[in-house]
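To start, the structure under review is shown below, and the notes come after it.
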Amino acid sequence: MRVLKNAGRGLAAGCFVLAGSSVALAGAWDTLGIGSSELLFAPEDFVVEGSVTYVDRNVDYDITAAAVAGLGPVTTGPVSSRATPNIWNYQGALKFGITDNADCLARINNPLSIEEEMDPDWRGRFSGYETQARTFAFDATCAYRFQVGEGRYIRAIAGVKAQDLSYYSKGAHPLAGTAEVDLKADGLDYGWRVGVAYEVPAYAMRASLIYDSQIKSDLSGDTIVGGNKVYDSTASLTLPQSVELNLQSGIAPGWLVSAGVKWVDWSVIDVLSVDSEVAGIGTPVGETVHRKLNFKDGWTVKAGIGHALNEQVSLGSSLQWDRGVGGSYSDTYTFGFGGSYAASKSVKFTLGTAAIYKTAGSGDATNTASGTVNEYDYDASWAYAVNTKIRLSF
């Protein structure tokens, strides 16, 4: 049996540090946050893990300017509207050892998500009151371990990912009632990852560095005006690359500290544009949507500490800062606490909570293609998350 499965196992496997809630924990649309690939390093040969996160969000948009081209300012409807519905996120993962030195991790999840739903009568309704961008992704990552000294190892990490992206938005139309955009990726889009890790299992010490590539996605579908006038529509989007560094170490019997930093190249998404043409004719209509997002790169920094009270019960806490990328994504501070209970050697349950403080900011959803103006502010707010996880290992 390999050293990794014995040395430091009670510490590394017994401690729990809240992985965090979903939504914007690594900036903008990212739901995975820091440490989402930690299961790859699990000491057991075979692990099945499933987790669900519920997030209670509380952000209100306050209109500062709203207008429709040719019709002037919008003066009817409420100035303020709750913009963030409560959401669920999930992940399922399978880790298995191929040999004493080779391990693989397979996952399904929704790594990127946008969920906004405002009052259909609010003053910003002409540039949109509902937006959904959702992903369904598969990824597989493998690592091979090399011994570089007594009790010290290096892992080479590589993987692939496949992702399905959909986008839906709905807003008021000054002449036709409503306008909807409904797009879906033209098949699966692919990316890759590479990384390296250094480990000293006797001290539960590990440093890992993982790079994830960009994913380019072409979408097609319909723009529907007034519920029955349909236009063929297309869009292209480059989803950002990222680099993540994670560190952990035992500091005393039953105690583990961890830290991580993640950079996401959100500045690659500078504009959201949808092009349309008359269905069945092919006559260009032009841009249905053109919004300048002007995102800046995202940075997330996280630190945590965990303590195994005994062979069954562990507690952990974490603190995280995320630099907002602009617009509706301002800085956030997340305070997490959780615990795990090992019902047996093979079954473990985890429950975590988080309080997320979102700083005040402002956004601009103006559609420059149609001339519809939508500028808004939002105050500081708190969101709350609960995460549950079950882990089966053999």
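Each value in this text was obtained by applying a stated rule to the coordinates, not by laboratory testing. This one's a predicted model, so the numbers in the text were calculated from it and none came from an experiment. Glycine gets a Cβ as well: all are built from the backbone with ideal geometry, and neighbour counts include every protein chain shown.
Some points to look at:
- The label point for residue 267 and the one for residue 255, both projected 7 Å from the Cα toward the Cβ, are 4.0 nm apart.
- Maximal additional length on extending the residue 101-residue 56 stretch stands at 12.0 nm, based on 0.36 nm per residue less the C-alpha distance.
- Note on residue 188 and residue 333: the model spin-label points, each 7 Å out from Cα along the C-beta direction, lie 4.2 nm apart.
- Note on region 81-177: Cα Rg divided by 2.2 N^0.38 Å, N the number of residues, gives 1.76.
- For region 118-130, 3J(HN,Hα) per residue [Karplus equation, 6.51 cos²θ - 1.76 cosθ + 1.60, θ = phi - 60°, Hz, x = Gly/Pro]: 9, 4, x, 9, 5, 5, x, 5, 6, 10, x, 10, 8
- Size of charge dipole - region 52-133 - debye, nearest 20, with Cβ of Lys, Arg +1 and Asp, Glu -1, no other charges: 100 debye
- Efficiency of FRET between residue 176 and residue 86 - r from beta-carbon atoms, R0 30 angstrom, step 0.05: 0.45
- Order of 345, 170 under a 10 Å beta carbon neighbour criterion, fewest first: 345, 170
- Cross-linked pairs 358/389; 95/345; 161/292; 216/358; 95/216; 262/358: Cα-Cα separations exceed 21 Å for 358/389; 161/292; 216/358; 95/216.
- Using only side-chain charges placed at the Cβ, +1 for Lys and Arg and -1 for Asp and Glu, the dipole size of the chain relative to its Cα centre rounds to 1480 debye.
- Paramagnetic reach from residue 148 in region 206-222 [backbone N under 20 Å; point 7 Å along Cα→Cβ]: 206-212
- Measuring how big the chain is from its alpha-carbon positions, Rg and Dmax come out at 23.1, 75 Å.
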